[in-house]
Amino acid sequence: MTDRPSRFSGAWTAIVTPFRNGAVDLPALRALVEWQISEGIDGLVACGCTGEAATLSREEHLAVIETVLDTASGRVPVIGGAGRNDTSATVALARDVAKLGVSGLLVITPYYNKPTPAGLEAHYSAVADAAGIPVMAYNVPGRTGTNMSPETVARIAGHPLVCAIKDAAGPAERVTAIRALSPIAVLSGDDALALAQIALGATGVVSVASNVAPAAVVEMVAKALRSDFEGARKINDRLHPLFGALFLETNPIPVKKALELMGRIGGDLRLPLTGMSPSLVPRLQEAMAAAGVTA
């Protein structure tokens, strides 16, 4: 099936939300955005799972996205998270996020409810109709309890504004199965699978690792999209230990610890997440060093 032209390609950072003394640290967030752009990132995704969106108040959620947008100032596109576990709440948030001027919305499958394929189709159609801007669906069954089959992805992509999916369900061949049924753009939601998925037709990655190694992830993805798989493999091999270390505990615990070690943010998280287990920090530091990430 012919792919839809997509503005959602390349390396996108699922950016963390820094906290300090219990509050969102907007100056640290602005500094992170500036650094990401200087490192060549293709786009930013604010208020996703890595951004601890589930712990943010509505006011904080909108302030984070607005800060990322304002700092980026049109230099890179910004996608705003707008996922909730019921459709009416998602629609309300999606409308408010769309008004900020984002390039699109990241909409996770409703968690806890475990909707059927028909329910997912109705959910995404309602959100897209209400917001009126492009929607990137987010399939991450490890967090939501729902895994969209390729057939379900094709159903939700029947709406013209549901034009991309961040797929974190593995295995890599899901990309082939989805593309056989739908023209939707597929972005990897798993750094460790990104290279393989791009080889199978994914248009890029929404990355956790690019929070700490943006230039390297950008280069790997760019090479892969140019079919320079030899060059991309070399970078992937170097980053592979980091990909694993960033999931030694629940994301974003390790990536925020890495950024703290780099001096870019404080290490604060919001309960029920807590700081990284001290016994695991040396493994993270070793992986950072192997990837060329300086602390």
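Every read-out reported here was derived from the displayed coordinates using simple, explicitly stated rules and does not represent laboratory data. On a predicted model such as this, the values are computed, not experimentally measured, just so you know. All Cβ positions, even for glycine, are placed from backbone atoms using ideal geometry, and neighbour counts span all protein chains on display.
For the chain, just say rounded, prolate or oblate: build the C-alpha gyration tensor, square-root its eigenvalues into a ≥ b ≥ c, call rounded for a/c under 1.5, and beyond that prolate if a/b exceeds b/c, oblate if not. Oblate.
Were the residues from N85 through A118 laid out at 0.36 nm apart, the gain over their Cα-Cα distance would be 10.3 nm. When you count the other C-beta atoms within 10 angstrom of each residue and take the mean per peptide, 202-212, 175-185 line up highest first as 202-212, 175-185.
Each label point was placed 7 Å from the Cα along the Cα-to-Cβ direction; for S149 and M262 their separation is 4.1 nm. Please identify, among K114, K257, K166, the residue showing maximal mean-square fluctuation in a Gaussian network model of the chain using a 10 angstrom Cα cutoff. Looking only at K114, K257, K166, the largest GNM fluctuation is found for K114. Counting only DSSP beta bridges with both residues in the range 10-228, the antiparallel share comes to about 5 percent.
In this simple spin-label approximation, R270 and R58 carry label points 7 Å from Cα along the Cα→Cβ vector, and these lie 1.5 nm apart.
The relative contact order of the chain, computed from alpha carbon pairs under 8 Å that lie at least 6 residues apart in sequence, is 19 percent. A helix-only calculation puts the chain at -13500 deg cm²/dmol for mean residue ellipticity at 222 nm, using -39500 (n - 2.57) for each DSSP H run of at least four residues, averaged over all residues. Each Lys and Arg adds +1 at its Cβ and each Asp and Glu adds -1 at its Cβ; summed about the Cα centre, the chain shows a dipole of about 140 debye. Distance between the C-alpha centres of the range 196-237 and the range 11-82: 22 Å, rounded to the whole angstrom. Multiplying the residue separation of K99 and H159 by 0.36 nm and removing their Cα-Cα distance gives an extension gain of 19.6 nm.
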